[in-house]
1. How large is the Rg to Rh ratio of the chain when both quantities use alpha carbon positions and Rh follows Kirkwood?
2. Only Cα pairs within less than 10 Å get springs; with that Gaussian network setup on the chain, which residue of Asp129, Asp100, Asp115 has the largest fluctuation?
3. Test of understanding: what is the full-extension gain from Lys97 to Ser66, defined as 0.36 nm times their sequence separation minus their Cα-Cα distance?
4. Once you have the Cα-Cα distance between Lys136 and Glu77, take 0.36 nm times their residue separation minus that, and quote the gain in nm to one decimal.
5. What's the angle, to the nearest 10 degrees (0 to 90), between helix 75-86's Cα axis and the longest principal axis of the chain?
6. Tell me, what is the FRET efficiency for Ile113 and Asn43 to the nearest 0.05, using R0 = 30 angstrom and their Cβ-Cβ distance as r?
7. Rounded to the nearest 500, what is the chain's calculated 222 nm mean residue ellipticity when only DSSP H runs of at least 4 contribute -39500 (n - 2.57) each, over all residues?
8. Counting only trypsin sites (Lys or Arg not before Pro) that are in a DSSP loop and have at most 15 other C-beta atoms within 10 Å, tell me the longest site-free stretch of the chain.
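Every number in this text was worked out from the coordinates using simple rules, so none of it is lab data. As the structure is a prediction and not an experimental result, all values here were calculated from the model. Cβ atoms come from the backbone with ideal geometry, glycine included; neighbour counts cover every protein chain shown.
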Amino acid sequence: MGDTPEIGRKVIYMLYSMKEACNQTGFSYDTLKFYCNEGLIPNVKRDKNNYRVFDDNDIAWIKSLSCLKSCNMSIVEMKEYLDLCLKGESTIPDRQKILDIKLKELENKINEIQDSIDYIHWKQNFYNDVLSGKTKYYSNLIGNNN
């Protein structure tokens, strides 16, 4: 039968407490609560004791928020992205533009990090060559009295 529920069969959805949602998403309790209060997790459900509970779709969205946060999206940008998501398929081009901007920023950051790594490798090799006697030491900071 696949993933399609049978007609007349009651579909049971798993609901997770805040603590369980935190364990599944890696968010701290305070962060998850903040995101809920900011409206970044739409349609938050409540149990009979009025505690927040999350279903599998909520968990998947929270994991997406974690990725957006890692992309250095601000809360305002996340809200804009969420609003577009909630409007449906017609907003995909707008969402792509937002993600393209973040992708370019991340690629620039990778290039900056690679430049730093390359510099450290070069400097470590220079130091090794000086210590082994292969290269004479010089410095751009202090005069070289020959």
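1. That ratio is 1.27, to two decimals.
2. The residue with the greatest mean-square fluctuation here is Asp129.
3. 9.2 nm
4. 16.0 nm
5. Its long axis makes an angle of about 40 degrees.
6. E(calc), rounded to 0.05, equals 0.20.
7. When only DSSP H runs of four or more count, the value is -19000 deg cm²/dmol.
8. 88-133
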